[in-house]
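Read the structure below first, then the notes.
The values are calculated or read from the model by the stated rules, or taken from the named source; none is laboratory data. This is a predicted model, so every value here is computed, not measured. Cβ sites come from the backbone with ideal geometry, for glycine too, and all protein chains shown count toward neighbours. The accessibility values were calculated without ligands, DNA or RNA, using every heavy atom of the protein model including side chains. Shrake-Rupley method; radii C 1.70, N 1.55, O 1.52, S 1.80 Å.
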Amino acid sequence: MLLIPCPWCGDRDETEFGYGGQAHVPYPEAPETLTDAEWAEYLFVRDNPEGPFTEQWVHTAGCRRWFTLVRDTTCNDILAVHRTGTTNPVHP
Amino acid sequence: MTAEVTTPRARSPLHHRAHLLAAADVEGPRGVRLRELPCAAQVTLRLDPSSPAAARVAGALGLPALPVEPGGVRTAAGATERTVLWLGPDEWLVVGPEGDAPAIEAVVRDALGDGHGAVVDVSANRTTLEISGPCAREVLEKGCSLDLHPRAFGPGRCAQTLLARAAVILRQIDTGPTYHLLVRGSFAPYLADWLLDAMTEFRSPEVPR
């Protein structure tokens, strides 16, 4: 079980959150020019690093805000938390 | 055949459990008490806290400012007691006595004016459970992962969290302690039953450690 620091509400139990997958996946600049394979790549294929991974979470049972979080996939340590649209880490 | 004309009346979600709640009181040093405070007025307010409208709305509610710190609560002194709870960085819940929702909505809409925001009467969404007594915190801790110890939580604070897997707005009223749980009407019977069960052990003396 993770203890996740919501950038608004502070440390909360993982059960209060929803997972949103990899963060900062750019929308294709010209989606109409993509092949089916490229479109599928954009939709479904995500990084799977061993180590720090930037991902989106939503505090469903709390303030209902989306935020980004950097998690080390080898040990589940949470390295940084950002409010959406900001780059400064938040430590509530 | 004539249709019977009835006057619509608000009936709270725990109307049928009032006698069960009253019968579950535990007295003494391990005391705990559960009641429903039905039909509180609730109005959701969404707006940009840095906009001029936010200051106008706060003023109209009789507050110097809307609470912007997470979990903040402000109660306005006035003829009718209205309390503003922080629900998110641009979202608040205004709670007032039964029947006050239209007046709250009118006051806030008037103050909002041309400002960008949303004001919605959500009084029918939730009911309020009041749990109080020396062991009230221990009862809540059986189903809530939040740290409710006085070092981390206290009167004048609120939080949205899960209690026994049900989403609640938890608000501490005093150090008795007394808590108010705002819970969706459809979840209220389940949560009341869970709380009644969780309170049962406090009827017996504490088991020595």
(Q) Among the residues of region A:22-41, are any within 9 Å of chain B (Cβ to nearest Cβ), in a helix (DSSP H, G or I), open to solvent by less than 70 Å² (accessible area, probe 1.4 Å) and modelled with pLDDT of 95 or more? (A) no
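Which of the residues belonging to region B:133-164 are away from every other protein chain (no Cβ under 12 Å) and among the aliphatic types (A, V, I, L, M)?
Of all residues in region B:133-164, those away from every other protein chain (no Cβ under 12 Å) come to B:133-142, B:148-151, B:154-156.
The answer is B:ALA136, B:VAL139, B:LEU140, B:LEU148.
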(Q) under 16 Å from the mean Cα position of the chain (by Cα) and on the phi > 0 side of the Ramachandran plot: which single residue out of A:GLY85, A:GLY20, A:GLY10 fits that description? (A) A:GLY85
Q: Look through region A:42-71, keep the residues that are within 14 Å of another protein chain (Cβ to nearest Cβ) and in a loop (DSSP other than H, G, I, E, B), and return whichever of them is surrounded by the most Cβ atoms within 10 Å (Cβ to Cβ).
A: A:GLY62
**Q.** Subset tally (residues that are surrounded by 19 or more Cβ atoms within 10 Å (Cβ to Cβ) and among the β-branched types (Val, Ile, Thr)) for region B:165-186
**A.** 3
**Q.** Per-region count, region A:10-21, residues within 14 Å of chain B (Cβ to nearest Cβ) and open to solvent by less than 90 Å² (accessible area, probe 1.4 Å)
**A.** 8
Q) Name the residues in region B:60-81 that are outside any strand (DSSP E or B), open to solvent by 50 Å² or more (accessible area, probe 1.4 Å) and under 16 Å from B:ALA41 (Cβ atoms), would you? A) B:GLY78, B:ALA79, B:THR80, B:GLU81
Q.
Here is a list: B:VAL122, B:VAL139. Which entry is among the aliphatic types (A, V, I, L, M) and surrounded by fewer than 20 Cβ atoms within 10 Å (Cβ to Cβ)?
A. B:VAL122
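Which of the following residues is in a helix (DSSP H, G or I) and more than 14 Å from every other protein chain (Cβ to nearest Cβ): B:ALA124, B:ALA198, B:ALA118?
B:ALA198
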Q: Could you tell me whether B:GLU138 is part of a loop (DSSP other than H, G, I, E, B) and in contact (Cβ under 8 Å) with a residue 24 or more places away in the chain?
A: no
Q. Out of all the residues in region B:44-59, which are within 14 Å of chain A (Cβ to nearest Cβ) and in a helix (DSSP H, G or I)?
A. none
Q: Kindly indicate whether any position in region B:93-102 is small (Gly, Ala, Ser), loosely packed, with under 15 Cβ neighbours inside 10 Å, farther than 23 Å from B:ALA24 by Cβ and modelled with pLDDT under 95.
A: yes
Q | Unmet requirement for B:GLU130, which otherwise passes all of (1) without any contact (Cβ under 8 Å) to a residue 60 or more places away in the chain; (2) surrounded by fewer than 19 Cβ atoms within 10 Å (Cβ to Cβ); (3) away from chain A (no Cβ under 14 Å); (4) within 26 Å of B:ALA41 (Cβ to Cβ) | A | (1)
